[in-house]
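Notes to accompany the following structure.
The values are calculated or read from the model by the stated rules, or taken from the named source; none is laboratory data. Note that this is a predicted model, so its numbers are computed, not measured. Note that we place each Cβ from the backbone using ideal geometry, even for glycine, and neighbour counts take in every protein chain shown.
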Amino acid sequence: MDKQRQQQAYENYVKQKTPVHNLPANMAKAFVAGGVICTIGQVILSCCEKLGLDKDISGGWTSMILVLCSVLLTGFNIYPRIAKWGGAGTLVPITGFANSVAAPAIEYKKEGQVMGIGCKIFTIAGPVILYGTFTSWLLGLGYWLLKASRIL
């Protein structure tokens, strides 16, 4: 009987601590946050093209400016608040990747250049790089095999 009471108390505790999510609201916030980031990127791209840069160079500058803004906002602890509100909408664009590299570097800088920043900088972004590269390699191999067998 005591074990049942403990189990019930634990279940009540878990219910109290588990956050309740509103899926439609979270999706709307992610859409807005991602849309704002992409709109800012489009404005930067259009400005670069109006300055006379070609499309490829403008795209490069747009990516660099978005990464710089993301790192600066992460350094001033603004991007994490935006990400908390916007969820996946802030994680998917290039700004989310820059944040995932900058945040551990800032957090672990007190442990030194090598053991802090050097060891921890890719704790979040590392798996993304690894599995992204591996998946690209697999898809490339599959494409090559299909081309070699004249299916494509």
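The criterion of at least 3 residues that are hydroxyl-bearing (Ser, Thr, Tyr) and surrounded by fewer than 18 Cβ atoms within 10 Å (Cβ to Cβ) is met by none of the helices (runs of 4 or more DSSP H) wholly inside the stretch 52-109. The set of residues in the stretch 94-138 being of a type in the set (Phe, Trp, Tyr) and under 13 Å from the mean Cα position of the chain (by Cα) consists of Phe97, Phe122. Counting only residues that are over 24 Å from Ala98 (Cβ atoms) and either in contact with a Cys (Cβ under 6 Å, 6 or more places away or on another chain) or in contact (Cβ under 8 Å) with a residue 40 or more places away in the chain (or both), the stretch 16-57 holds 0 of them.
From the list Gly132, Gly140, the one residue that fits, being part of a helix (DSSP H, G or I), modelled with pLDDT of 95 or more and either in contact with a strand residue (DSSP E or B) (Cβ under 6 Å, 6 or more places away or on another chain) or not assigned by TED's automatic domain parsing to the domain that holds His21 (or both), is Gly140.
Does Ala25 satisfy the condition of being crowded, with 17+ Cβ neighbours inside 10 Å and not assigned by TED's automatic domain parsing to the domain that holds Gly126?
Spelling it out, it is not the case that Ala25 is crowded, with 17+ Cβ neighbours inside 10 Å and not assigned by TED's automatic domain parsing to the domain that holds Gly126.
Rundown of residues vs (1) under 22 Å from Thr123 (Cβ atoms); (2) touching a residue at least 24 places away in the same chain (Cβ under 8 Å), yes/no style:
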{"site": "Gly59", "(1), (2)": "no, no"}
{"site": "Arg81", "(1), (2)": "yes, no"}
{"site": "Lys84", "(1), (2)": "yes, no"}
{"site": "Ile94", "(1), (2)": "yes, yes"}
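Restricting attention to the stretch 1-23, which residues are in a helix (DSSP H, G or I) and either at pLDDT 95 or above or among the β-branched types (Val, Ile, Thr) (or both)?
The one that is in a helix (DSSP H, G or I) and either at pLDDT 95 or above or among the β-branched types (Val, Ile, Thr) (or both): Val14.
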